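Report on one structure; see the data block that follows.
The values are calculated or read from the model by the stated rules, or taken from the named source; none is laboratory data. Note that this is a predicted model, so its numbers are computed, not measured. As a convention, Cβ positions derive from the backbone with ideal geometry for all residues, glycine included, and neighbour counts pool all protein chains shown. Calculation scope for accessible area: heavy atoms of the full protein, side chains included, ligands and nucleic acids excluded. Shrake-Rupley method; radii C 1.70, N 1.55, O 1.52, S 1.80 Å.
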Amino acid sequence: MSSTRLALLSPAERGPMTLPASMGQFVHSTESHQQIWGSWLQSWHLPVAVSEIVPFLDELSRQALHQDREVFWSSMPSDCHSYRLVLRGPLQAEALRRALTTLHLQDCMPGRILHAQGDSLAIAMHGPQGPAPAFNRALTDALEGIQVDLAMTPVWEPGHFRLLLTDMDSTLISIECIDEMADHLGLKRQVAAITERSMAGELDFQTSLRERVRLLQGTPASTIDAIIRERLQLSPGARELIRAAKAQGLETGVVSGGFTQFTRHLQEMLDLDYAFANTLEIVDGKITGQVLGDIVDADAKADLLDLLAISADTDASHCIAIGDGANDLPMLRKAGVGIAYHAKAVVRAQADFQIRYGGLDTAVDFLGW
């Protein structure tokens, strides 16, 4: 038997709306009745079909329109699915309104408020089964121009995820290590141009890496220590993300097309379980301009995800990957959840979720930790 979900969104200054007395016979309990993000959100689950209460809903809509309120309703089949709507950013009533309106067009309705604290909001949503990327593309389009990160996620059971892998440069840390080394040598413009072409997917990563490393020939190895000491900074929210993942029982790692000297430093700093990167050849205290062994490129990152998942006695579907560049795409696509962090458009378009404005700890909200 189908039921009906009903919700009202009112400007905070107007306060909550009182339902018409005629609807009292249908309303047995209220799921949400709370002021959030500059609005009042009220929601109900009514044990009757929409067809039975159309006159009441029409009257409610007329009243809401005159009072500058939004009213949503939708029929709910018995096999409807549960999701989480997460918004993270400056409190904006318009962001919430657009999100709920967009999801209503997908027959998704709000239920109870799961979390509302500071700049973080999570609401239970109910609707038909559908792929998360489709919901999220619609949300992203609807909120274009509003600096709020948001995601419509499944409801994952505790313990569902076993492994978190993140890219290093411009993801776990806020710099591109090789660009900073080049800047130290007065070569930043030449190296950055190659990096940009690679990150945008216009240049083969292995070729671009070898070209960039070749420019470093003759550089004292002590330059690496200077970059770590003077310039290396964690991205906002990096510590919080790793701490939350560990609290959830996940293994954690960094996998990078950069260099082992930097990933080892991060492994020690954040107590990561794994760190993979390329090895610069150093002879007599100087960088030779060569890379030793196989290069950690896009395919290698995806392969490492598979191998580490097996080591954790699971598979890629129970893993999370975070990255920002084209060489992260195979890893992001293979993981159960792929998150694009301040990424290029080509990466955002193919990730499950995207963080465009906030720090890495935004992923903690997305994942429900």
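For the stretch 155-170, give me each residue that is open to solvent by 30 Å² or more (accessible area, probe 1.4 Å) and of a type in the set (Val, Ile, Thr). Let's see the steps before the verdict.
Start the filter on the stretch 155-170 by keeping residues that are open to solvent by 30 Å² or more (accessible area, probe 1.4 Å), which leaves 155-160, 162, 170.
Of everything in the stretch 155-170, just one residue is open to solvent by 30 Å² or more (accessible area, probe 1.4 Å) and of a type in the set (Val, Ile, Thr), namely Val155.
Need the failing condition index for Leu209 against (1) touching a helix residue (DSSP H, G or I) at 6+ places or on another chain (Cβ under 8 Å); (2) open to solvent by 70 Å² or more (accessible area, probe 1.4 Å); (3) aliphatic (A, V, I, L, M), just the number.
Every condition holds for Leu209 apart from (2).
Quickly run through the stretch 144-154 and pick out the residues that are surrounded by fewer than 21 Cβ atoms within 10 Å (Cβ to Cβ), out of contact with any Phe, Trp or Tyr (no Cβ under 6 Å at 6 or more places or on another chain) and under 19 Å from Gly359 (Cα atoms).
Across the stretch 144-154, the qualifying residues are Glu144, Gly145, Ile146.
Quick one: which residue in Ser43, Ser22, Ser32, Ser51 is among the hydroxyl-bearing types (Ser, Thr, Tyr), closer than 19 Å to His104 by Cα and either touching a helix residue (DSSP H, G or I) at 6+ places or on another chain (Cβ under 7 Å) or at pLDDT below 90 (or both)? Outline the logic, then answer.
Values: Ser43 fails: either touching a helix residue (DSSP H, G or I) at 6+ places or on another chain (Cβ under 7 Å) or at pLDDT below 90 (or both); Ser22 fails: closer than 19 Å to His104 by Cα; Ser51 fails: either touching a helix residue (DSSP H, G or I) at 6+ places or on another chain (Cβ under 7 Å) or at pLDDT below 90 (or both).
Exactly one residue qualifies, and that residue is Ser32.
Out of Ile173, Ile178, report the one residue that is farther than 30 Å from Pro110 by Cβ, of a type in the set (A, V, I, L, M, F, W, C), modelled with pLDDT under 90 and open to solvent by less than 70 Å² (accessible area, probe 1.4 Å).
Ile178
Can you tell me how many residues within the stretch 21-59 are aliphatic (A, V, I, L, M) and closer than 19 Å to Ser120 by Cα?
Total satisfying the criteria: 2.
Somewhere in the stretch 238-255, is a residue in contact with a strand residue (DSSP E or B) (Cβ under 8 Å, 6 or more places away or on another chain) and acidic (Asp, Glu)?
Yes: one or more hits.
Condition first: under 30 Å from Ala124 (Cβ atoms), among the polar types (S, T, N, Q) and open to solvent by less than 20 Å² (accessible area, probe 1.4 Å). Can you find one or more residues in the stretch 336-354 that meet it?
no
Out of the stretch 105-134, which residues are open to solvent by 10 Å² or more (accessible area, probe 1.4 Å) and either among the aromatic types (Phe, Trp, Tyr) or assigned to a loop (DSSP other than H, G, I, E, B) (or both)?
Gln106, Asp107, Gly118, Asp119, Pro128, Gln129, Gly130, Pro131
Determine whether the stretch 217-225 contains at least one residue that is of a type in the set (A, V, I, L, M) and open to solvent by less than 20 Å² (accessible area, probe 1.4 Å).
yes
What's the total number of residues in the stretch 93-113 that are over 21 Å from Gln354 (Cβ atoms) and under 19 Å from the mean Cα position of the chain (by Cα)?
0
Within the set of pairs 6 or more residues apart or between chains, which connect a residue that is without any contact (Cβ under 8 Å) to a residue 60 or more places away in the chain and closer than 10 Å to Leu163 by Cα inside the stretch 308-337 to a residue that is assigned to a helix (DSSP H, G or I) and open to solvent by less than 10 Å² (accessible area, probe 1.4 Å) with Cβ atoms less than 7 Å apart?
If the second residue must be assigned to a helix (DSSP H, G or I) and open to solvent by less than 10 Å² (accessible area, probe 1.4 Å), the pairs left are Asp315/Ala309; Ala316/Leu305; Ala316/Ala309.
Of the residues Arg137, Arg98, Arg84, Arg88, which single one is at pLDDT 95 or above and over 22 Å from Trp369 (Cβ atoms)?
Arg98
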